[in-house]
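One structure is given below, encoded as structure tokens.
Where a number appears in this text, it was derived from the coordinates with a stated rule and is not lab data. Because the structure is predicted, anything quoted here is derived from the model rather than measured. Note: ideal-geometry Cβ built from the backbone for every residue, glycine included; neighbour counts use all protein chains shown.
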Amino acid sequence: MEIIFVKDYDEMSLKTFEIIKETVQSKPQSTLSMTTGGTPQGLFEILVKKINEKEIDISQTTFLNLDEYIGPKNAPYSVYRYMHENFYDLINFKPKEIHLINGDSNNVDKEIIRYSEILRRNPRDIQILGLGTNGHIGANEPGTPFDSEIFLANHDDSTIKSTIKQYDLTESEAPTQMITLGFKEIIEATKVILMVSGTSKAKAVKDLVEGPISVKCPASFLQDKDNVILIVDQEASSLLSK
Ligand code: PGA
């Protein structure tokens, strides 16, 4: 794992954008698998601006996503809605293809098979990840075996609380499950970029970088992988000893 230390959230967003730009410029028909949440919001702002200013051309590029909540397509927390409101509805130039997981399917097993087929047909050049305060990546929560493949995951209580806070939900409105790529599909990407910012993530970063590789900290799976880039800001790296 390569570690890039940056000053703050804005620098983390910009650095990630630069890697995406280089990738798309050298291979316009790239496939990028995105994530949602507070972490990539700044990245999406930069992407929208740079796409609309024609600094980056995504007309040959395919976009996928890491996961999707089980719930209505237009729920305030859905990945579908986030991606449209923060990205797809704001860009003036359309990508070649967009593939989202359907969290509103009445047959989850079938949906998993459908998306697996899309993953198979679209080898990913980049997988963007955020980090949970409990060390999760995607919805691979602590305890998930490292050979997980795209599956229906139950959220940890801490993850449900974060979702409630982020989307201003009541407890009964909060989603408790997600269809998520497993460790297997995450690490298949040519480059896996883990973006981390803020003091709330500092303990998870310490476990990920300096702790044992253990299912107790799902992100520690990435520690010994050569295709992983951790982009971490000063606050999030503040507990690292080395
Ligand atoms: P956040 O979530 O970006 O909203 O902090 C990260 C995650 O849980 O993966």
Taking Cα pairs closer than 8 Å and at least 6 residues apart, the relative contact order of segment 58-172 in percent is 23
Here P(r) for the chain, Cα-Cα distances in 5 Å bins, as whole percents, is 1, 7, 14, 19, 21, 19, 13, 6, 1, 0
Most packed first (mean Cβ within 10 Å per residue), the peptides 2-8, 188-194, 13-19, 120-126 order as 188-194, 13-19, 120-126, 2-8
Taking r as the C-beta separation of Lys73 and Lys165 and R0 as 25 Å, the FRET efficiency to the nearest 0.05 is 0.65
Of 219-231, 31-43, ordering from highest average Cβ density within 10 Å down gives 31-43, 219-231
quick shape note, segment 1-97: Cα extents on principal axes in Å, largest first -> 36, 30, 25
For segment 175-231, shape from the Cα gyration tensor axes a ≥ b ≥ c, cut at a/c of 1.5 then a/b versus b/c, turns out rounded
For Lys203, counting only lysines whose alpha-carbon sits under 19 Å away and dropping same-chain residues fewer than eight positions off, the answer is Lys7, Lys161, Lys216, Lys242
Expressed in angstrom and rounded, the centroid-to-centroid distance over alpha carbons for segment 190-242 and segment 39-109 is 25
Rounded to the nearest 5, the percent of antiparallel DSSP beta bridges in segment 14-163 equals 10
Note on segment 115-178: C-alpha Rg/Rh, Kirkwood Rh, two decimals, gives 1.02
Subtracting the Cα-Cα distance of Asn154 and Asp10 from 0.36 nm times their residue separation yields 48.7 nm
Expected sort for Glu141, Glu45 with the fewest Cβ neighbours (10 Å cutoff) up front is Glu45, Glu141
